[in-house]
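J.: My questions all concern the structure below.
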Amino acid sequence: MNTTTEKMSQPSWYIADVIGVRDETSTARTLILQVPNWPGHRAGQHIDLRLTAEDGYQATRSYSLASAPTEADRGSSIIEISVELLDDGEVSPYLVRVTDVGDRLEILGPIGGYFVWGAGQEEPIQLIAGGSGIAPLRAILHERLAADGVSADSVRLLYSARARHQVYYEDELGDLADSEPGLISLQFTRSAPKDWTGTVGRVDADLLARVSIPAALEPTVYICGPTKFVEVVASALVGLGHDQARIRTERFGG
Ligand SMILES: Cc1cc2nc3c(=O)[nH]c(=O)nc-3n(C[C@H](O)[C@H](O)[C@H](O)COP(=O)(O)OP(=O)(O)OC[C@H]3O[C@@H](n4cnc5c(N)ncnc54)[C@H](O)[C@@H]3O)c2cc1C
């Protein structure tokens, strides 16, 4: 094991400065964090974020790193998380509605060694996101494209969102979709734009068979989103012949 890997496998606490915020949708916000001495991370990893109230009460939640380690336009100490607002939640309303540039946040990371992609993995990868589950998959997608170039034979993303106005990173994903047919597939579960030519509904075996990398090519599959979404999609993939051992999942709760 080299020293970089050892360092990454030991999460530490850091103080992160909020240096930017970006609304992804009306209920989701990306926080751009500068973290002095950040050791770097692997695509797919997450952080734990701890809020402390004035009376000392603390709440900690996990958030995936949406930024890829090798994104060229940012320094290695800048990371991004994308947070979906849960109206009755304790932490997400504060991060989406209150947190702003100049605030400081306590984070523990980088965390996770299973739901990650690294440059040594040469097999095709299929990414499947539900809602805010797109966050770590954005990082993995960028990392894979940076390593291997843009090819729908080596990586594909299927992203399920309720409607177009719920799609995170819309411009960026749109540009990627235009650059390579089959690279990005969007699925709307509630309503679709007027010009939409695809189907509307939940991700199921038919859709997976049409748009994802076939089981015969032995892709590693990464599924991330609400628990129910992850379970239904993983089970459909096994039904399509994917080996359970090549399916990696991250459940966000719900
Ligand atoms: C490894 C990991 C990575 C995560 N990454 C992200 C991320 O990148 N972006 C993000 O927005 N969230 C992410 N989450 C979820 C996040 O940690 C919190 O659970 C979420 O922000 C809700 O916290 P809260 O304090 O607002 O709600 P809470 O006060 O914890 O919960 C409020 C209510 O919402 C329900 N609930 C909790 N989580 C969800 C959910 N995801 N969907 C629907 N209902 C839910 C609870 O059961 C409860 O009823 C991740 C979770 C894990 C385990």
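J.: Among the charged types (D, E, K, R), more than 8 Å from the ligand (Cβ to nearest atom) and farther than 25 Å from Arg246 by Cα: which single residue out of Glu84, Glu80 fits that description?
T.: Glu80
J.: Against the definition (at pLDDT 95 or above, more than 16 Å from the ligand (Cβ to nearest atom), closer than 27 Å to Pro214 by Cβ and within 16 Å of the chain's Cα centre (by Cα)), how does Glu172 come out, yes or no?
T.: Criteria met by Glu172.
J.: Sticking with this structure for a sec: Just give me the residues in the range 180-194 being under 21 Å from the mean Cα position of the chain (by Cα) and small (Gly, Ala, Ser), in sequence order.
T.: Gly182, Ser185
J.: Please enumerate the residues belonging to the range 38-82 that are within 20 Å of Asp23 (Cβ to Cβ) and free of Cβ contacts under 8 Å to residues at least 24 places away in the same chain.
T.: Within the range 38-82, Asp73, Arg74 meet the criteria.
J.: So Asp148 fits all but one of (1) on the phi < 0 side of the Ramachandran plot; (2) more than 14 Å from the ligand (Cβ to nearest atom); (3) at pLDDT 95 or above; what number is the exception?
T.: All conditions are met except number (3).
J.: Going through Arg22, Arg29, Arg61, Arg50 one at a time, which residue ends up being among the charged types (D, E, K, R), at pLDDT 95 or above, in a strand (DSSP E or B) and surrounded by 20 or more Cβ atoms within 10 Å (Cβ to Cβ)?
T.: The unique qualifying residue is Arg29.
J.: Can you give me the number of residues within the range 151-169 that are away from the ligand (no atom under 16 Å from the Cβ) and under 19 Å from Gly225 (Cβ atoms)?
T.: Total meeting the criteria: 6.
J.: Can you confirm whether Thr197 is among the β-branched types (Val, Ile, Thr), more than 20 Å from the chain's Cα centre (by Cα) and farther than 17 Å from Arg138 by Cα?
T.: Yes.
J.: Within the range 133-164, which residues are among the aliphatic types (A, V, I, L, M), surrounded by 20 or more Cβ atoms within 10 Å (Cβ to Cβ) and either in a helix (DSSP H, G or I) or in contact with a Cys (Cβ under 6 Å, 6 or more places away or on another chain) (or both)?
T.: Across the range 133-164, the qualifying residues are Ile134, Ala135, Leu137, Ala139, Ile140, Leu141.
J.: Only one residue in Ala177, Ala192 is in a helix (DSSP H, G or I), at negative phi and small (Gly, Ala, Ser). Which one?
T.: After applying the criteria, what remains is Ala177.
J.: Looking at this structure, is Glu71 charged (D, E, K, R) and more than 12 Å from the ligand (Cβ to nearest atom)?
T.: So Glu71 passes the test.
J.: Starting from the range 167-179, keep only residues that are of a type in the set (Phe, Trp, Tyr), then list their pairs with residues that are at pLDDT below 95 and surrounded by 15 or more Cβ atoms within 10 Å (Cβ to Cβ) whose Cβ atoms are within a distance under 8 Å, requiring at least 6 positions of separation or different chains.
T.: From the range 167-179, no pairs qualify.
J.: Which ones in the range 95-132 are within 14 Å of the ligand (Cβ to nearest atom) and exposed (fewer than 15 other Cβ atoms within 10 Å of the Cβ)?
T.: Answer for the range 95-132, where residues must be within 14 Å of the ligand (Cβ to nearest atom) and exposed (fewer than 15 other Cβ atoms within 10 Å of the Cβ): Arg97, Val98, Gly113, Tyr114.
The values are calculated or read from the model by the stated rules, or taken from the named source; none is laboratory data. Here the structure is a predicted model, which means the values were calculated and not measured. All Cβ positions, glycine included, derive from the backbone under ideal geometry; neighbour counts span all protein chains shown.
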